[in-house]
Amino acid sequence: MKKLTGINKFKFVIQFSDFSLDLRRLFVILLLGLFLFFVSFSLKINPIIVLLLLSIVLYIDFIYRKNLFCKPQNLLYLILIFVLIFVSSFFLISRGYSIYFIPFSIAPMLITLLFNDLITSLIITISLSLSVSLMSANNVLIGILFLISGLVSSVLVFDARTRNTVIRGGIITGIIQAFSLLFMDNFIISNHQGYLLLVANGFLCSVVVLGSTPVFEYLFNTITNISLLELADFHHPLLNRMIMEAPGTYHHSLIVGNISELACEAVGANTLLARVGAYYHDIGKLEKPEYFSENQAIKVSKHESLPANMSKLIIINHVKEGFELAKAHRLNPRIIDFIQQHHGTGLVYYFYRRALEALEEDQEVKEEGFRYPGPKPNTKETAIVLLADSVEAATRAMKEPNVPKIEEIVHKIINNKFIDGQLDECDLTLKDLEKISNVFIRILTGIYHTRINYPDEKLLRDHKKTAKEFDLGPNQEQGAS
Ligand SMILES: [Fe+2]
Ligand SMILES: [Fe+2]
């Protein structure tokens, strides 16, 4: 039996040993249930539909919310999609309109696009088709027709990367709806108007889905693959500026994007989101690109003439400036997360050490003052970009990168981030970290490892080797990451 371990009075959360129950969410669901029973009673709708809806809400809330819903209100928006289709179906059926007008496939298509999750779409499709069936005098065939249509449309738009895929999905859904009707009519072509209406219905649903996606992206605090690909276009003003004003940062972002994408693939995270998030993670450097080592054409660093405190401020501010720039360009909140979280609450170690070295007797240097403001990464994707960002910068700063050195630095950085608590708020497991480090090593070795030195050259360089070679040097700390 699960043991009650405490009640958080401020967050209204009952904490069990491995499970938490948010009382506010429960309260919202109870209120919703009462409201729906009241509506069903006044409109004379079968109360089974209400019970069905409530069980879906509870199911999704308790089983799936960890993966799908960062915020409790997202569950309400999901219900909103259900209710929109439910109400329009009820309106059309009660007014005696043809069921062929019901815009059924809007819900499964929208949910699949917004959450990239077929199971949630399947749950909503089953419950909606049952509801429509119950509303149209228990007509099972209508329920089956819409069930097929919902399943087909979800599968067709799953992982869609272009608008054309959605439109094509809508047209095929329409054709399959018409075929289902033909099948129900025992292949006797009798209802020409019905077939045409169902084909048009599928197409129009896809048009409505494309038109309403930006609104739901905003409401759900999510982003579809289509919008991500639009942001990946290098003609976007911010990326364009980066190419012109901070080419080093642009190159760094491209590599971070590529290695993050492959690492996400290894652990089952959203590859496209990580790649596009990485493209934008350092846009804050556009304000003062010359203070970041990857954009410095000359060997002498701009920071050499500055006190450590001032340098630290410039470096840390690129997160804040990136956030403001992203807001000004109305970037999607999921992309802004990468800008804010890609350093977590990490320490700007190089300048912290420099401040300690320059310390006078009665002075004090607080570590907190040299940390990024955060927050820490709260998704697998942002955590992977945080790791990719650091390992790319450190590998690039190496004098003679080779396989053992790259392996060592990758393991060292991942361990340090883990010990420093930067990965505490994301869902990455130790097994995931192992897979991620393998990907990083494989790709970075391919990119950075140098040619084999000639013996004389090698002897000379071995002589110059120092024990501090793997320390995070100024090249990295000056904001290469
Ligand atoms: Fe970076
Ligand atoms: Fe950065």
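Summary table
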| quantity | calculated |
| --- | --- |
| Residues of region 99-124 with amide N under 17 Å of a point placed 7 Å along Cα→Cβ from HIS192 | none |
| Gain on full stretching of the segment that runs from ASP159 to PHE27 - 0.36 nm per residue minus C-alpha separation | 44.1 nm |
| Within region 177-215, chymotrypsin sites (Phe, Trp or Tyr not before Pro) in DSSP loop having at most 16 other beta-carbon neighbours inside 10 Å | PHE187 |
| Over 34 Å [Cα-Cα, region 225-480], rounded percent | 15 |
| Sites ASP420 and PHE91, calculated FRET efficiency, Cβ-Cβ separation with R0 45 Å, nearest 0.05 | 0.20 |
| Potential lengthening between PHE179 and SER305 on full extension [0.36 nm per residue; Cα-Cα distance subtracted] | 37.8 nm |
| Gyration tensor (alpha-carbon) shape descriptor, region 109-187, a/c threshold 1.5 | oblate |
| Net charge of neighbours whose Cβ lies under 14 Å from the Cβ of GLY421, counting Lys and Arg as +1 and Asp and Glu as -1 | -2 |
| Cross-link table LYS366/LYS435; LYS285/LYS366; LYS288/LYS327; LYS285/LYS380; LYS312/LYS435, entries beyond 28 Å C-alpha to C-alpha | LYS366/LYS435; LYS312/LYS435 |
| Calculated SAXS-style log₁₀ I(q)/I(0) at q = 0.22, 0.23 Å⁻¹ - region 172-302, Debye, Cα scatterers | -1.18, -1.22 |
| Pair ASN139, LEU229: separation of 7 Å Cα→Cβ label points (nm) | 3.7 |
| Mean separation of Cα contacts under 8 Å, 6 or more apart, over the residue count of region 266-407: relative contact order % | 28 |
| Difference of contour (0.36 nm per residue) and Cα-Cα distance, ARG330 to ILE171 | 54.0 nm |
| Whole-Å semi-axes of region 237-307's equivalent ellipsoid (Cα gyration tensor) | 27, 13, 9 |
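The numbers here are math on the coordinates, done by the rules we state, and not lab data. All values derive from a computational prediction rather than experimental measurement. FYI the Cβ positions are ideal-geometry reconstructions off the backbone, even for glycines, and counts take in every protein chain you see.
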